[in-house]
Amino acid sequence: KIKLHKKTTKKKLSALKHFVPSPAFPQISSSSSSSSSSSSLMAEVIESYASSPSTERGRGILISGDAKSNTILYTNGRSVIIRYLDQPLKVDVYGEHGYPVTVARYSPNGEWIASADTSGTVRIWGVHNNFVLHNEFRVLSGRIDDLQWSPDQLRIVVSGDGKGKSFVRAFVWDSGSTVGEFDGHSKRVLSCAFKPTRPFRIVSCGEDFVVNFYEGPPFKFMHSHRQHSNFVNCVRFSPDGSKCITVSSDKKGLIYNGKTGEIIGELSHEDAHTGSIYAVLTASADKSAKVWEISEDGKGTVVKTLTCPSSGGVEDMLVGCLWMNDHLIVVSLSGAINLFSASDLEKAPTLLSGHMKNVTALTLLENDEQKTVLTSSYDGHIIKWVQGIGYAGRLERGNNSQIKCLAAAKDQIMTSGFDNKVHRMGLQGNDNSGAFEAVDVGSQPMGLCLALNSPALALVSTESTAILLGGLKVLSTTKLDFVATVCAITPDGSEAIIGGKDGKLHIYSVSGDTLTEEAVLEKHRGAITVIRYSPDVSMFASADSNREAVVWDRSSREVKLNNMLYHTARINCLAWSPGSTFVATGSLDTCVIVYEIGQPVANRITIKLAHLGGVYGLAFTDDCTVVSSGEDAFVRVWRLSSQ
């Protein structure tokens, strides 16, 4: 029996019933009625193509890991990503922070994770039991740049931007009580470290070029060093606590006695880094990582210089690293994670990569037996994914202008952005490079689609015109008497639909290079956001900014499936299954909803919290598999099955 306190109100109890689960775990529900004659369906995520770590030029990033589970932690936006190195397609995400997350670290026993964000908040949560929250503390008044646990797991130290107040703070993980005073810094503190053995020490370093040692607990100032001549980016202790090292943008690495804090040596200048050093192994802006051997007298000599596969640009600068088990993990400015083997340094690294910014468009390469998905992100990158494998390379475009629309058919890719141009590229086998040729259509494209059976033919809609393209040649330009938003064209190129800001669907016949309006359909109460023909071309579906989707019969132009009003915000994307039996919608409300044609809309499948921040791309790879992408820079593969 549970006896409630008499001050507990009915309102509080009602709030508990409506508790929303963590976005770390997409919630799948089937809304099928128990009396329905059809078998109810469910969805489960079978593959996750993770986002890359967030990076910033001129700054190092922090990644950490747990040797027992062979997992690594890094951050992107408001999410903490847990990657399983033994299972690259298995990813867990914690998304409960209200501000961008900067660092996350496992506790020494691997059961807890402490993560910090730009607001100065630290959240401590469990690895198991749905990431249950243990505690939350506002530790600094500004961004937290580094965080470390004490080896006995009783204390946590953080450093960052104190905005004129304390730049370093250590506290008890259970209560948040401060354990010491950390004076001696005048600017942002970029890194801190906890000595892993007794007597305990804390070391901090930052933008004031100073390295400070503190003894405790309770911790107090011990002494400082000013031998660096630029930002001191990182400080770390050796596993036995006997030594400590700092690396700096002055290209130097200094080695200290872990107990006394005295300088005992430095990294050799022979074969040294030629750019800023951001992290220890070491990783540098000179696009290399180096493995060092540190002698007892504190001298550091290079054992091996590691170089990652590169494109030759600034994105190849290395900004983070980690040595865990047999893995030497190196992260570049592009977010690419390269896994080297510590036991075989000559072996080529394994590459883990993904999008760093929100994924704005997703399409399937039609007639591709390999089930290849293309996604484009806000920063202009196009990535190929192969179901069952994951990352399959990045398309080299020559420029990274932003992409709004992405369409693909057979070996042709077309993109449009926020200028007046439409770009076309031909794909040849597994070659990810090619010339993107452009055509100026005179105004910003709002919609873009390809005739799948004749990919040379494309339809582009701007706010006031509809343009037919043959390859890169403008075949015709038709003036519109309404404000257009999106468009669609049949696979054979004989019919087109243009959606308007007024919520109307304008149907055109296509003869040669001429568009002739045949009908106007009215049902929507908001601007049209997406239109898609079914693969058998017997139907088409449309959706609007007022959260409604409609399935139409193409021949009669009558509504075939309506009352699809189960989203709570704008619908961004829509996809048909290859057999034309299912239609899926993705929305700003973070949900994916799958409807079965011929069944009541009450039999829908709802995938709640599919993507933190909203769903922006959908495609079916077969009748039972749907791929989604969203604001969280993730791509997920879902399997539909009977309960």
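Of everything in the range 364-380 that is open to solvent by 20 Å² or more (accessible area, probe 1.4 Å) and within 20 Å of Met414 (Cβ to Cβ), the residue that is modelled with the highest pLDDT is Leu364. Of all residues in the range 224-240, those satisfying the criterion of being in a strand (DSSP E or B) and under 15 Å from Ser186 (Cα atoms) are Ser224, His225, Val232. Do we have any residue at all in the range 454-470 that's crowded, with 16+ Cβ neighbours inside 10 Å, of a type in the set (Val, Ile, Thr) and either within 22 Å of Glu558 (Cα to Cα) or without any contact (Cβ under 8 Å) to a residue 12 or more places away in the chain (or both)? No, the range 454-470 has no match at all. Of everything in the range 534-580 that is more than 31 Å from the chain's Cα centre (by Cα) and among the β-branched types (Val, Ile, Thr), the residue that is farthest from Gly447 (Cα to Cα) is Val559. A count restricted to the range 290-327 and to residues that are within 20 Å of Leu352 (Cβ to Cβ), in contact (Cβ under 8 Å) with a residue 40 or more places away in the chain and not in a strand (DSSP E or B) stands at 5.
Within the range 412-429, the set of residues being closer than 17 Å to Thr363 by Cα and either at pLDDT below 90 or open to solvent by less than 10 Å² (accessible area, probe 1.4 Å) (or both) comprises Gln412, Ile413, Met414, Thr415, Ser416, Gly417, Val422, Met425, Gly426, Leu427. Only one of the numbered conditions (1) open to solvent by 40 Å² or more (accessible area, probe 1.4 Å); (2) among the charged types (D, E, K, R); (3) over 25 Å from Ile61 (Cα atoms) is not met by Lys357, and that is (3). Open to solvent by 60 Å² or more (accessible area, probe 1.4 Å), among the hydrophobic types (A, V, I, L, M, F, W, C) and within 27 Å of the chain's Cα centre (by Cα): is that true of Phe436 in this structure? No; evaluated as a whole, the condition is false for this residue. A single member of Ser177, Ser229, Ser159 is farther than 24 Å from Thr301 by Cα and open to solvent by 10 Å² or more (accessible area, probe 1.4 Å), and it is Ser177. Of the residues making up the range 495-513, those that are farther than 23 Å from Ala569 by Cα and open to solvent by less than 50 Å² (accessible area, probe 1.4 Å) are Glu495, Ala496, Ile497, His506, Ile507, Tyr508, Ser509, Val510. The set of residues in the range 257-275 that are surrounded by fewer than 22 Cβ atoms within 10 Å (Cβ to Cβ) and part of a loop (DSSP other than H, G, I, E, B) comprises Lys259, Thr260, Gly261, Glu262, Ser268, His269, Glu270, Asp271, Ala272, Thr274, Gly275. In the range 520-564, what count of residues is obtained for those that are open to solvent by 20 Å² or more (accessible area, probe 1.4 Å) and among the small types (Gly, Ala, Ser)? Selection size over the range 520-564: 5. When Lys251, Lys259, Lys299 are checked against the criterion of being touching a Pro at 6+ places or on another chain (Cβ under 8 Å) and charged (D, E, K, R), a single residue qualifies: Lys259. Taking into account only those residues within the range 598-610 that are part of a loop (DSSP other than H, G, I, E, B) and at pLDDT below 95, which is surrounded by the fewest Cβ atoms within 10 Å (Cβ to Cβ)? Only one residue tops the list, namely Gly598.
Here Ala619, Ala633 are screened, and the one residue that is in a loop (DSSP other than H, G, I, E, B) and in contact with a strand residue (DSSP E or B) (Cβ under 9 Å, 6 or more places away or on another chain) is Ala633. Restricting attention to the range 576-597 and to residues that are more than 18 Å from Leu561 (Cα to Cα) and of a type in the set (S, T, N, Q), the residue that is most open to solvent (accessible area, probe 1.4 Å) turns out to be Thr590.
A quick yes/no check of all residues on (1) more than 28 Å from Ser69 (Cβ to Cβ); (2) among the hydrophobic types (A, V, I, L, M, F, W, C); (3) more than 26 Å from the chain's Cα centre (by Cα):
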site	(1), (2), (3)
Trp112	no, yes, no
Ser115	no, no, no
Thr121	no, no, no
Asn129	no, no, no
Glu136	no, no, no
Gly142	yes, no, no
Ile156	no, yes, yes
Ser159	no, no, no
Val172	no, yes, yes
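Screening Asn109 on (1) over 17 Å from Ala50 (Cα atoms); (2) assigned to a loop (DSSP other than H, G, I, E, B); (3) in contact with a strand residue (DSSP E or B) (Cβ under 8 Å, 6 or more places away or on another chain) shows it passes everything except condition (3).
Determine, yes or no, whether Ser238 is free of Cβ contacts under 8 Å to residues at least 24 places away in the same chain and out of contact with any His (no Cβ under 7 Å at 6 or more places or on another chain). Give the steps one after another, and end with the answer.
Numbers: free of Cβ contacts under 8 Å to residues at least 24 places away in the same chain: no; out of contact with any His (no Cβ under 7 Å at 6 or more places or on another chain): yes.
In short, no.
Mind checking which strands (runs of 3 or more DSSP E) fall wholly inside the range 328-389 and carry at least 3 residues that are in contact with a strand residue (DSSP E or B) (Cβ under 6 Å, 6 or more places away or on another chain) and closer than 15 Å to Gly630 by Cβ?
359-364, 372-377
Would it be correct to say that Leu254 is hydrophobic (A, V, I, L, M, F, W, C), part of a loop (DSSP other than H, G, I, E, B) and open to solvent by less than 40 Å² (accessible area, probe 1.4 Å)? When the stated conditions are applied, Leu254 does not pass them. Please find, within the range 101-133, the residue that is modelled with the lowest pLDDT out of those that are open to solvent by 10 Å² or more (accessible area, probe 1.4 Å) and of a type in the set (S, T, N, Q). Residue satisfying both the conditions and the ranking: Asn129. Taking the conditions (1) open to solvent by less than 20 Å² (accessible area, probe 1.4 Å); (2) in contact (Cβ under 8 Å) with a residue 60 or more places away in the chain in turn, Ala193 satisfies each one other than (2). The single condition from (1) closer than 17 Å to Gly586 by Cβ; (2) open to solvent by 20 Å² or more (accessible area, probe 1.4 Å); (3) β-branched (Val, Ile, Thr) that Thr516 fails is (1). Given the conditions (1) more than 20 Å from Cys321 (Cβ to Cβ); (2) polar (S, T, N, Q); (3) open to solvent by 20 Å² or more (accessible area, probe 1.4 Å), report the number of the one that Ser79 does not fulfil. It is condition (3) that Ser79 fails.
The values are calculated or read from the model by the stated rules, or taken from the named source; none is laboratory data. Bear in mind the structure is a predicted one, so any value in this text is a computation, not a measurement. Every residue, glycine among them, receives a Cβ derived from its backbone with ideal geometry; neighbour counts consider all protein chains shown. When the accessible area is computed, the model is the full protein with side chains, heavy atoms only, and any ligands, DNA or RNA have been set aside. Shrake-Rupley method; radii C 1.70, N 1.55, O 1.52, S 1.80 Å.
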